[in-house]
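Have a look at the structure below before the remarks.
The values are calculated or read from the model by the stated rules, or taken from the named source; none is laboratory data. Everything quoted here is computed from the prediction, not taken from an experiment. All Cβ positions, glycine included, derive from the backbone under ideal geometry; neighbour counts span all protein chains shown.
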Amino acid sequence: MITITVDLGERAYPIYIGSGLLGSAGLLDPHLRGRRALIVTNTTVGPLYEARVRAMVGGGRVESVVLPDGEAHKTLATMERILDALVAGRYGRDAVVIALGGGVVGDIAGFAAAVYQRGIEFIQVPTTLLSQVDSAVGGKTGVNHPGGKNMVGAFHQPICVVADAATLGTLPDRELAAGLAEVVKYGLIADAPFFAWLEEHAQALVARDAAALHHVIRRSCEVKADVVAGDEREQGRRALLNLGHTFGHAIENAMGYGEWLHGEAVGAGMAMAARFSQRLGWLAPADVARVEQLLRRMGLPVAAPRLDAEGFLAAMAADKKVLAGQVRLVLLRALGNACVTADYPAPALQAFVRDELAA
């Protein structure tokens, strides 16, 4: 096991990374200190791992809420089931919520913890690659709204993250690929040598080589921990972590949440961001080709489906990075060098989107 610290001063917390961590005696003891815990999981993950997490907590101090699985259930109505359980169980402010599952579970459970009695502590136990490398770290919690992805939520940091790579053995291939999209993102925004490493080891990652997966989890968490420590509430550099997300969220919104996995939409969105960067004269065509080739090797789409361009642009205009009516995009000046910008002609973006969706 290795430990990475998200350095947020008094609210700093560890990310534990290893294999076989679930069920480890004593790992959670410093964070629980005998307090009551509520495990939040879903119908897919619960039967696989809930018993191990219960053993880590102590059977007499833990109950659970089992949510339906899937992005379509990432709603306020689903979150209310967690709040109902906390109220009915008379959980106090010293209680701990444990999010056991992928990004949807982590986001919903974290949001419930953020608002219950104005905030109680929670622990992230991510079981998908996407959640281990991205969504479980950094304190973004929330739910979707028909008008946009993650439009309702809060910044609420966990007190620890337990990333057990052994859980990836039960992950479907499509979910693994979705997680690899977020891994590619870290190379593109901040670490060109890591991007090159991914090109060399793409086959090993798709084949679930344990050493390769451990490396990408560690490196991804290192990059994200560094970014979050310097910009917790996304006032500056943290927005770089949204590479591909403005295009990707528009795909998810247009298709209906759950039709495309989040990582699939982000993969296509990163390829679109690379091509728009090229159209602006910022990124070399050879680098765009490298991005597209790596995403394809990971089993990810590199283009949006045919959608209504005007509706797509309207969804982009509802993005959380919009300021003063301008859509700010994360674009690439080189591999490993990204920027957040609205410094492009609005008609150029409109023409680009229309061309992309007509292709």
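Residues Ala192, Ala211, Ala204: which one is modelled with pLDDT of 95 or more, under 18 Å from Arg296 (Cβ atoms) and either in contact with a helix residue (DSSP H, G or I) (Cβ under 9 Å, 6 or more places away or on another chain) or not assigned by TED's automatic domain parsing to the domain that holds Gly138 (or both)?
Criteria check complete, one pass: Ala204.
What residue, among those in region 347-359 that are of a type outside the set (A, V, I, L, M, F, W, C) and surrounded by fewer than 18 Cβ atoms within 10 Å (Cβ to Cβ), is nearest to Ala286 (Cα to Cα)?
Asp355
Exactly one of (1) small (Gly, Ala, Ser); (2) buried (at least 24 other Cβ atoms within 10 Å of the Cβ); (3) closer than 25 Å to Leu86 by Cβ is unmet by Ala178. Its number?
Here Ala178 clears every test but (3).
Where residues in region 150-174 are modelled with pLDDT of 95 or more and more than 30 Å from Leu32 (Cβ to Cβ), which of them is nearest to the chain's Cα centre (by Cα)?
Of everything passing the filter in region 150-174, Arg174 is nearest to the chain's Cα centre (by Cα).
Filter region 120-149 down to residues that are modelled with pLDDT under 95 and outside any loop (DSSP other than H, G, I, E, B) and give me whichever is surrounded by the fewest Cβ atoms within 10 Å (Cβ to Cβ).
Taking the candidates together, the pick is His145.
Just to verify a result, which residue in region 158-198, among those that are part of a loop (DSSP other than H, G, I, E, B) and touching a strand residue (DSSP E or B) at 6+ places or on another chain (Cβ under 6 Å), is farthest from Gly263 (Cα to Cα)?
That would be Ile159.
When residues of region 53-81 are filtered for being touching a residue at least 40 places away in the same chain (Cβ under 8 Å) and within 21 Å of the chain's Cα centre (by Cα), how many remain?
Looking only at that region, the number is 9.
It is to be established whether one or more residues within region 317-328 are among the small types (Gly, Ala, Ser), in contact with a helix residue (DSSP H, G or I) (Cβ under 8 Å, 6 or more places away or on another chain), at negative phi and outside any loop (DSSP other than H, G, I, E, B).
Among the residues of region 317-328, not one is among the small types (Gly, Ala, Ser), in contact with a helix residue (DSSP H, G or I) (Cβ under 8 Å, 6 or more places away or on another chain), at negative phi and outside any loop (DSSP other than H, G, I, E, B), which makes the answer no.
If you take the residues in region 31-51 that are outside any strand (DSSP E or B) and under 22 Å from the mean Cα position of the chain (by Cα), which one is surrounded by the most Cβ atoms within 10 Å (Cβ to Cβ)?
Among them, the one singled out is Val45.
Per-residue answers, yes or no, for (1) β-branched (Val, Ile, Thr); (2) surrounded by 13 or more Cβ atoms within 10 Å (Cβ to Cβ); (3) at pLDDT below 95:
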| position | (1), (2), (3) |
| --- | --- |
| Asp287 | no, yes, no |
| Arg290 | no, yes, no |
| Met298 | no, yes, no |
| Val302 | yes, yes, no |
| Ala314 | no, yes, yes |
| Leu323 | no, no, yes |
| Gln326 | no, yes, yes |
| Ala338 | no, yes, no |
| Pro345 | no, no, yes |
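Across region 52-86, what is the total count of residues that are small (Gly, Ala, Ser) and part of a helix (DSSP H, G or I)?
Total satisfying the criteria: 6.
Does region 225-234 contain at least one residue that is crowded, with 20+ Cβ neighbours inside 10 Å and in a loop (DSSP other than H, G, I, E, B)?
Initially, region 225-234 is screened for residues crowded, with 20+ Cβ neighbours inside 10 Å, giving 225, 227-228.
Subset that is in a loop (DSSP other than H, G, I, E, B): none.
Within region 225-234, none of the residues are crowded, with 20+ Cβ neighbours inside 10 Å and in a loop (DSSP other than H, G, I, E, B).
Note down all Cβ pairs under 7 Å where the first residue falls in region 310-332 and is within 17 Å of Asp343 (Cα to Cα), the second is of a type in the set (Phe, Trp, Tyr), and they're at least six residues apart or on different chains.
Leu331/Phe276; Leu331/Trp282; Leu332/Trp282
Filter region 56-70 down to residues that are within 18 Å of Ser135 (Cβ to Cβ) and either surrounded by fewer than 21 Cβ atoms within 10 Å (Cβ to Cβ) or hydroxyl-bearing (Ser, Thr, Tyr) (or both), then give me how many there are. If you could, list the steps in order and put the result at the bottom.
Just the residues of region 56-70 that are within 18 Å of Ser135 (Cβ to Cβ), to begin with: 67, 69-70.
Then keep just the ones that are either surrounded by fewer than 21 Cβ atoms within 10 Å (Cβ to Cβ) or hydroxyl-bearing (Ser, Thr, Tyr) (or both); that gives 69-70.
Residues in region 56-70 being within 18 Å of Ser135 (Cβ to Cβ) and either surrounded by fewer than 21 Cβ atoms within 10 Å (Cβ to Cβ) or hydroxyl-bearing (Ser, Thr, Tyr) (or both): 2 in total.
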